1. Among the residues of the range 61-75, count how many are touching a residue at least 24 places away in the same chain (Cβ under 8 Å) and either farther than 18 Å from Glu26 by Cα or touching a Cys at 6+ places or on another chain (Cβ under 6 Å) (or both).
2. Just to be sure, is Glu214 modelled with pLDDT of 95 or more, surrounded by fewer than 18 Cβ atoms within 10 Å (Cβ to Cβ), of a type outside the set (Lys, Arg) and more than 27 Å from Arg256 (Cα to Cα)?
3. Can you report the number of residues in the range 17-32 which are in contact with a Gly (Cβ under 9 Å, 6 or more places away or on another chain) and of a type in the set (D, E, K, R)?
4. In the list Thr92, Thr73, which residue meets the criterion of being of a type outside the set (A, V, I, L, M, F, W, C), modelled with pLDDT of 95 or more, in a strand (DSSP E or B) and within 24 Å of the chain's Cα centre (by Cα)?
5. Since Ala342 meets every condition but one in (1) buried (at least 16 other Cβ atoms within 10 Å of the Cβ); (2) touching a residue at least 24 places away in the same chain (Cβ under 8 Å); (3) of a type outside the set (Ser, Thr, Tyr); (4) in contact with a Pro (Cβ under 9 Å, 6 or more places away or on another chain), which condition does it not meet?
6. What are the residues in the range 290-310 that are under 13 Å from Ala341 (Cβ atoms) and among the charged types (D, E, K, R), if any?
7. Arg374: over 38 Å from the mean Cα position of the chain (by Cα) and assigned to a helix (DSSP H, G or I), yes or no?
Amino acid sequence: MKLARAPAMQDANTTRIIHAVGAGGEDEVRFVGGCVRDALLRRPIKDIDLGTTALPETVIARAEADGLKAVPTGIEHGTVTVISNHIPVEVTTLRRDVETDGRRAVVAFTTDWREDALRRDLTMNALSLSPDGVLHDYFGGVADAEAGRVRFVGVAEERIREDVLRILRFFRFHAHYGRTDPDAEGLAACKDLAHLIPTLSAERVHQETLRLLEAPDPTPTLELASRIGVWRRIGVGEAALDKFRRFLALDIPITRDPLLRLACLIDGAVAPGALATKLRLSNREKRRLEAWADFAAQAPPNGAGLNDALYRRGADAIDGAAALSLAGPAPDPGWRAALDAAENWKPRTLPIKGRDLVALGLDHGPAIGAIRARVEAWWIDKAFAPDRAACLAEARRLIDEAAG
């Protein structure tokens, strides 16, 4: 069948890369993977990926000969990132699996497009599209994509044993694309092989879990994954689904944050620090988890305490803690006021600096920090209303008071 190319596929930089790699028809180049699936479903395309019969060394040579930058980002698996005007496109030589162990594969290059498509996980991801708009579908991916049916290519158990991460990908794609019951064979294989999930690297589990939680409403998928024992294999405890439903019902921007969604699903089963270690979260992600847990364990801040928390810890910490608390079975109404304050928070900056205190006669040293801290506390207590002149006046009063 023919498929009109999406605008992202007609980009001048992409077209230039296709022409360079294909060398005027000497090798075939097609769009592959997610960009084809999303073009078919008329969804936004995030990244362009190309497949080719040209070997990686040939891709590099042809790209550089055309003045393009070529980076061997995964050359052992046939992938070269070709860059035109700062726009990167991954170009991968067709390949077949020679050896797999559930985590990684040894590949050999091929010129057989069907053989390359066979090593992909899901039928909707095994589509390819020629630059002239001819859509190639070897395993019924078009029908599955249009029906919202997530189905493995070939035998589900074989696909999972090749790469155990495909269990999580099965559920991630069901959350984003599923519109019907998941394929029964695939679901059964995921259940039978769920015990292999702990063999995966923490980074891969981390990435797939958060991408699953980016779905508009992942609740049905989480229910399914929890029911067959997949969720607990990730190591974060069973999903607190009742709480999660209340959390999503708040319908505020921060509840779309996948990390906060993960925090909601933990439901106290795993400490933030332990989860950060388990899933190899970044330091920033760990700090956010810990801030939410810290505030959510306390009574809702109000008045000057709320202002101080927003100023010193930021709206994200209060916003997230409020959402988690309001999703609980008996939420304190004070969290609603805290949430409203966080949603409307605009960062403030103390109107005076250390050099202003020096100009008032203070010597460099600890005294500057002490006076500044007292002015800052006074300014926060006044709900940030005092302007620069008022803050300078308060600083002068404190300096005179300290001088006796």
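The values are calculated or read from the model by the stated rules, or taken from the named source; none is laboratory data. Fair warning: this is a prediction, and the values are worked out from it, not measured in the lab. No Cβ is skipped: glycine too gets one built from the backbone with ideal geometry, and neighbour counts run over all protein chains shown.
1. 1
2. No, not satisfied.
3. 2
4. Going through Thr92, Thr73 in turn, the sole match is Thr92.
5. Unmet condition: (4).
6. Residue satisfying the conditions is Asp308 alone.
7. yes
Per-residue answers, yes or no, for (1) of a type in the set (A, V, I, L, M, F, W, C); (2) more than 20 Å from Leu165 (Cα to Cα); (3) not in a helix (DSSP H, G or I):
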{"site": "Glu203", "(1), (2), (3)": "no, no, no"}
{"site": "His206", "(1), (2), (3)": "no, no, no"}
{"site": "Gly235", "(1), (2), (3)": "no, no, yes"}
{"site": "Arg261", "(1), (2), (3)": "no, yes, no"}
